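The values are calculated or read from the model by the stated rules, or taken from the named source; none is laboratory data. These numbers were taken from a predicted model, which means no experiment stands behind them. Cβ: placed from backbone, ideal geometry, glycine included. Neighbour counts: every protein chain shown. Just so you know, the surface numbers come from the protein's heavy atoms only, side chains and all, with ligands and any DNA or RNA stripped out. Shrake-Rupley method; radii C 1.70, N 1.55, O 1.52, S 1.80 Å.
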Amino acid sequence: ASKQKGGNCFTYFTPRMQEHAENRMLLSHDLHMAIKGQQFFLEYQPVVNLQSNAVLKAEALIRWQHPVKGVIPPMEFIGIAEDTLLIVPIGEWVFKTAIEQCRAWRESLHADFQVAINKSPVQFAAEYKKQQDWLKDISNGMTERNMVVVEITERLLMDANSQVSERLALYQQAGVQVALDDFGTGYSSLSYLKKFPIDYVKIDRSFVRELETSSEDAALCRAIIMMAHSLGMQVIAEGIESQCQLEILRDMGCDHGQGFYFSRPLRPDDFVAWVQQWQQHPVAQ
Ligand code: C2E
Ligand code: MG
Ligand code: MG
Ligand code: MG
C-alpha cells in the first residue's frame with residue numbers, strides 16, 4: 001500500500017491510515033455479525049421510461065442498519081465485503097430478497113416489473129470457481145424470465161480470464177438481463193461494447209451532472225446513446241437531478257432514466273406509494 005503513489009516515493013503509515021485500517025478491521029468483524037443478524041435491507045430506486053413515463057423497473061441498493069453506527073451506505077462496506085469474500089453471502093441475500101420483492105410487485109404493480117441488482121466482480125469470480133452451480137443459483141427462485149437485470153461494471157469486462165462474455169450469454173439464456181453500470185468511467189471504449197452480450201448501458205452520472213452547460217458531456221451522451229442503439233442495446237441515464245437534464249436526455253432518445261429528480265431510493269412501502277402517485281400524475285415532486 002505504501003508504494004501506490006508510484007516511482008520511488010514511499011509514504012509511511014500515518015496515524016490517519018492506522019485509524020482507517022483499524023476501522024476496516026472493526027467493520028469487517030461487524031459485517032460477519034450483520035449477515036447473521038439480518039441487518040441489511042434494500043432500497044429501490046424507480047427507473048422511468050423517458051419516452052412513455054412508465055415505471056417498470058427499479059434498482060435495488062443495499063444498506064446496512066448497523067446497531068451502533070446507524071445506516072451505513074454501500075460505498076463504506078462493499079469494499080471490505082469484497083476483501084473478506086463476505087460479498088458472496090451478501091450478494092446471495094440481495095438476489096433472493098430482490099427476486100421475492102419483484103415477484104410481489106409483478107402481482108401488485110405490473111406483470112412485467114423488473115428489479116436490477118448490482119453484482120461485484122468478486123462475486124462473479126466466486127461463482128466461476130463453483131462452476132456448474134452458479135447457473136442453478138441464478139435461476140433458483142426466478143419463476144419468470146427477465147425478472148432480474150444484473151448490473152456489472154467495466155472492471156469485469158477487463159477480466160480476460162473468467163469467460164465473462166460466455167457467462168453473460170448464459171445469464172441471458174437463463175432469463176437474466178445484463179446492464180453495464182457506470183459506463184464511461186472505466187477503460188473500455190464504445191467499440192468494446194460489441195464484444196459482450198449486454199442489454200442496457202447505464203450512462204454514469206458524472207456525464208449527466210453538467211449536461212446543461214458542457215457541450216462535451218452532451219456530445220458524449222449522444223454518442224453513447226447512438227452507439228448503444230445501433231448495437232441493439234437500450235440506455236439508462238443515471239443521476240438525473242433536474243427537469244433540464246431529463247429533457248435533454250429524452251430529446252437525445254435516451255430510453256430510461258433514474259435520479260433524485262424522480263425519486264431517491266425508497267423502502268418497499270414508500271416505493272409502491274411513489275409509483276401509485278406517479279401513475280396518476282407523472283411529474284416529479
Ligand atoms: P450504482 O450501482 O451506480 O448506484 C447508483 C448510486 O447513485 C446509488 O448510490 C444511488 O443512491 C445514487 N443516486 C441515484 N440517483 C442519484 C442522483 O440523482 N444523484 C446522486 N448524486 N446520486 C444518485 P448508493 O445506493 O449509495 O450505492 C452506491 C454504489 O454501491 C452503487 O452504485 C453500487 O456500485 C454499490 N452497491 C449498491 N448496492 C449494492 C449491492 O447490493 N451489491 C453490490 N455489489 N454493490 C452495491
Ligand atoms: Mg447500479
Ligand atoms: Mg451506476
Ligand atoms: Mg455510479
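Results for (1) part of a strand (DSSP E or B); (2) open to solvent by 30 Å² or more (accessible area, probe 1.4 Å); (3) within 16 Å of ligand 4 (Cβ to nearest atom), shown as yes or no for each residue.
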| residue | (1), (2), (3) |
| --- | --- |
| 26 | no, yes, no |
| 29 | no, yes, no |
| 35 | no, yes, no |
| 42 | yes, no, no |
| 52 | no, yes, no |
| 60 | yes, no, yes |
| 64 | yes, no, no |
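Return only the number of the condition from (1) outside any strand (DSSP E or B); (2) in contact with a strand residue (DSSP E or B) (Cβ under 6 Å, 6 or more places away or on another chain) that residue 235 does not satisfy. In the conditions (1) outside any strand (DSSP E or B); (2) in contact with a strand residue (DSSP E or B) (Cβ under 6 Å, 6 or more places away or on another chain), residue 235 misses (1) alone. On the stretch given as segment 76-104, residues that are out of contact with any strand residue (DSSP E or B) (no Cβ under 8 Å at 6 or more places or on another chain) and under 24 Å from residue 273 (Cβ atoms) total 3. When segment 252-285 is filtered for residues that are free of Cβ contacts under 8 Å to residues at least 24 places away in the same chain and within 16 Å of residue 210 (Cα to Cα), the ones remaining, listed by number, are 260, 261. For segment 98-120, filtering for residues that are in contact (Cβ under 8 Å) with a residue 12 or more places away in the chain and either under 14 Å from residue 269 (Cα atoms) or outside any strand (DSSP E or B) (or both) leaves 15. Per the listing 188, 214, the residue uniquely of a type in the set (Ser, Thr, Tyr) and in contact (Cβ under 8 Å) with a residue 12 or more places away in the chain is 188.
Which condition breaks for residue 220 when tested against (1) within 16 Å of ligand 4 (Cβ to nearest atom); (2) out of contact with any helix residue (DSSP H, G or I) (no Cβ under 9 Å at 6 or more places or on another chain)? With (1) within 16 Å of ligand 4 (Cβ to nearest atom); (2) out of contact with any helix residue (DSSP H, G or I) (no Cβ under 9 Å at 6 or more places or on another chain) applied to residue 220, the lone miss is (2). Within segment 191-213, restricting attention to residues that are touching a Phe, Trp or Tyr at 6+ places or on another chain (Cβ under 9 Å) and aliphatic (A, V, I, L, M), which residue is nearest to ligand 3 (Cβ to nearest atom)? So, considering only residues that are touching a Phe, Trp or Tyr at 6+ places or on another chain (Cβ under 9 Å) and aliphatic (A, V, I, L, M), the one nearest to ligand 3 (Cβ to nearest atom) is 203.
For segment 194-207, state whether one or more residues are touching a residue at least 12 places away in the same chain (Cβ under 8 Å), away from ligand 2 (no atom under 16 Å from the Cβ), over 24 Å from residue 52 (Cα atoms) and not basic (Lys, Arg). Yes, some residue in segment 194-207 is touching a residue at least 12 places away in the same chain (Cβ under 8 Å), away from ligand 2 (no atom under 16 Å from the Cβ), over 24 Å from residue 52 (Cα atoms) and not basic (Lys, Arg). Can you pull out every residue in segment 163-194 that is among the hydroxyl-bearing types (Ser, Thr, Tyr) and within 12 Å of residue 150 (Cα to Cα)? Listed by number, the list holds a single entry, 171.
Of all residues in segment 188-209, those that are farther than 30 Å from residue 99 by Cα, more than 16 Å from ligand 4 (Cβ to nearest atom) and not in a helix (DSSP H, G or I) total 1.
Among the residues of segment 235-251, those identified as surrounded by fewer than 19 Cβ atoms within 10 Å (Cβ to Cβ) and more than 10 Å from ligand 1 (Cβ to nearest atom) are 243, 244, 247, 250, 251. For segment 168-187, the candidate set comprises residues that are on the phi > 0 side of the Ramachandran plot and within 16 Å of ligand 4 (Cβ to nearest atom); within that set, the residue that is surrounded by the fewest Cβ atoms within 10 Å (Cβ to Cβ) is 182.
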